[in-house]
Amino acid sequence: MDFIGAYAPSHLTFLLEGFWITLQVAFLSIVFSFAIAIVVGVLRYAKIPVVSQVLATAVELIRNLPLLLIIFFTYFALPEVGIKLDKFYAAVLALVIFEAAMLSEIVRSGLKSVEKGQIEAARSSGLTYVQTLWHIVLPQALRRMVPPIVSQFISLLKDTSLAVVIALPELMNHAQIINGRNVNYVIPIFLLVAVMYFVVNYGLSIVSKRLENKHA
Amino acid sequence: MIDFSILFEHGDMFLEGFWNTVQASLLALVGSFALGTIFAIFRISPIRPLNWIGTAYVEFVRNIPLILVVFLFFVGLPALGIVLSPFVAGTLGLTVYTAAFIAETIRAGIQAIPKGQMEAARSSGLTYNQAMRYIILPQAIKVVIPPMGNQFINLVKNSSVLGVIAGLDLMYFGDLISAETFVTFDVYIFVACFYLILTLPLSLLVGHLERRLAGSR
């Protein structure tokens, strides 16, 4: 093991460049998948005929597939039907599809956890159904959803590493490139990479716990 | 339209991959259940150092990507002179990773059992270990079954990382077939169907168990 060689300044900046791509992919995927998840969750909660059944089936199918398969699909299979994406956006699209399905389940069960009396009270005080959803149900549900949503975000950040299979230049990919130079770098580099993921994810989980205590 | 001839021409490869995915998932399930139970008991143990080890393991492993754990076994161990086959390295990686999640599931199950149960068992003369084994764990298992089912579904899906290290699983053979036939779209649809054969029934079963458990309370 060669810790000094592995942690050469050029290697460290190279890893940080990879981590920057990881964070970009994760951030874009979080924003889009969360937005889609709220729409899907609300539509399913509102039990609109046909729409909610179609969405339920789609969510159930996507949730039960490996993310890796979806990444391969968006990068290798979509070009066959004329949709060409570069590595970055293929990874983002795959993550958005998968995580939106996961998050929409969290949104739906969060909405379901709001007591019926709340809705009845809001409706009888003259709010329309949409107003009730927007002003009464959603704000309360979102607060309860914070812990599971943050842990889903942690999963998402970890899952970006699967984009290593399409050679997206993110953290895992850059780690493997350095590992390829000298076998003595492998263990030190993996340790450092593990610590990098750990610091961000553990930080997120602590924030989540703080929020949970605040709202409880 | 989807070309089914690929499915029949390469049926043996699809089935071999499917079978290896099943094997890897089952082996990792048994391994991670055993390892996870040990770490769960560590985490709630009154003995400080054990408690510390359990917490460190769970928190560290849960916050790093699965593929990193698998690479540690597949690329990291050979750097130390220990070479494993891709299938073994992948299954070990899956086991170590999943054990952290199962440990948390079991810990939550054990802590869901009212404290009075332990106190009653202890005051009727059982030792801590006996009370754990005969009173707490059997009750905790019941609470833990639905979330364990979810962990198993995740395990089946996660086993696809074996494909990254040529672990001869469904994902690997899917890639191989699409490289041989130059057909990607249809092949990945078939691969998806094979995964769904495993995960969908499990998912429906878990949903059913969850509803039943919620009803019995």
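Rule-based calculations on the coordinates, nothing more; no lab input. Keep in mind that what you see is a predicted model, and the values were worked out from it rather than measured. Note that we place each Cβ from the backbone using ideal geometry, even for glycine, and neighbour counts take in every protein chain shown.
When residues in the range A:182-197 are screened for being crowded, with 18+ Cβ neighbours inside 10 Å and at the interface with another protein chain (Cβ under 8 Å from one of its Cβ atoms), 6 of them pass.
Looking across A:Ile21, A:Ile36, one residue alone is in contact with a Pro (Cβ under 8 Å, 6 or more places away or on another chain), away from chain B (no Cβ under 14 Å), touching a residue at least 12 places away in the same chain (Cβ under 8 Å) and among the β-branched types (Val, Ile, Thr). It is A:Ile21.
Matching residues to (1) within 18 Å of the chain's Cα centre (by Cα); (2) touching a residue at least 12 places away in the same chain (Cβ under 8 Å); (3) buried (at least 20 other Cβ atoms within 10 Å of the Cβ); (4) not in a helix (DSSP H, G or I):
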site	(1), (2), (3), (4)
B:Val144	yes, yes, yes, no
B:Gln151	yes, yes, yes, no
B:Ser160	yes, yes, yes, no
B:Val164	yes, yes, yes, no
B:Gly167	yes, yes, yes, yes
B:Ala179	no, no, no, no
B:Tyr188	no, yes, yes, no
B:Leu200	yes, no, no, no
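Here is the figure for the range A:67-92: residues that are aliphatic (A, V, I, L, M), surrounded by fewer than 21 Cβ atoms within 10 Å (Cβ to Cβ) and touching a Phe, Trp or Tyr at 6+ places or on another chain (Cβ under 9 Å) total 4. Only one entry in B:Ala214, B:Ala166 is more than 10 Å from every other protein chain (Cβ to nearest Cβ) and either closer than 26 Å to B:Ile64 by Cβ or touching a Cys at 6+ places or on another chain (Cβ under 6 Å) (or both), namely B:Ala166.
State which residue is surrounded by the most Cβ atoms within 10 Å (Cβ to Cβ) when the search covers only the range A:37-61 and only residues that are closer than 20 Å to A:Ala90 by Cα and in contact with a Leu (Cβ under 8 Å, 6 or more places away or on another chain). Write out each step before concluding.
Of the range A:37-61, the ones closer than 20 Å to A:Ala90 by Cα are A:37, A:58-59, A:61.
Narrowing the set further to residues that are in contact with a Leu (Cβ under 8 Å, 6 or more places away or on another chain) leaves A:37, A:61.
Numbers: A:Ala37: 25, A:Leu61: 14.
It comes out as A:Ala37.
Quick check: anything in the range B:67-76 of a type outside the set (A, V, I, L, M), away from chain A (no Cβ under 14 Å) and touching a residue at least 24 places away in the same chain (Cβ under 8 Å)? Taking every residue of the range B:67-76 in turn, none turns out to be of a type outside the set (A, V, I, L, M), away from chain A (no Cβ under 14 Å) and touching a residue at least 24 places away in the same chain (Cβ under 8 Å). Being under 18 Å from B:Ile38 (Cα atoms), assigned to a helix (DSSP H, G or I), without any contact (Cβ under 8 Å) to a residue 24 or more places away in the chain and touching a helix residue (DSSP H, G or I) at 6+ places or on another chain (Cβ under 7 Å) is true of B:Ile135. Within the range A:129-164, the set of residues being within 13 Å of chain B (Cβ to nearest Cβ) and free of Cβ contacts under 8 Å to residues at least 60 places away in the same chain comprises A:Pro148, A:Ser151, A:Gln152, A:Ile154, A:Ser155, A:Lys158, A:Val164. Can you say whether B:Gly31 is touching a helix residue (DSSP H, G or I) at 6+ places or on another chain (Cβ under 6 Å) and farther than 26 Å from A:Leu204 by Cα, as far as the supplied structure shows? Judged against the criteria, B:Gly31 is a match.
Scanning the range A:39-87 for residues being touching a residue at least 12 places away in the same chain (Cβ under 8 Å) and of a type in the set (S, T, N, Q) gives a total of 1. Selection over the range A:6-32 of residues that are surrounded by 14 or more Cβ atoms within 10 Å (Cβ to Cβ) and among the small types (Gly, Ala, Ser) gives a count of 4.
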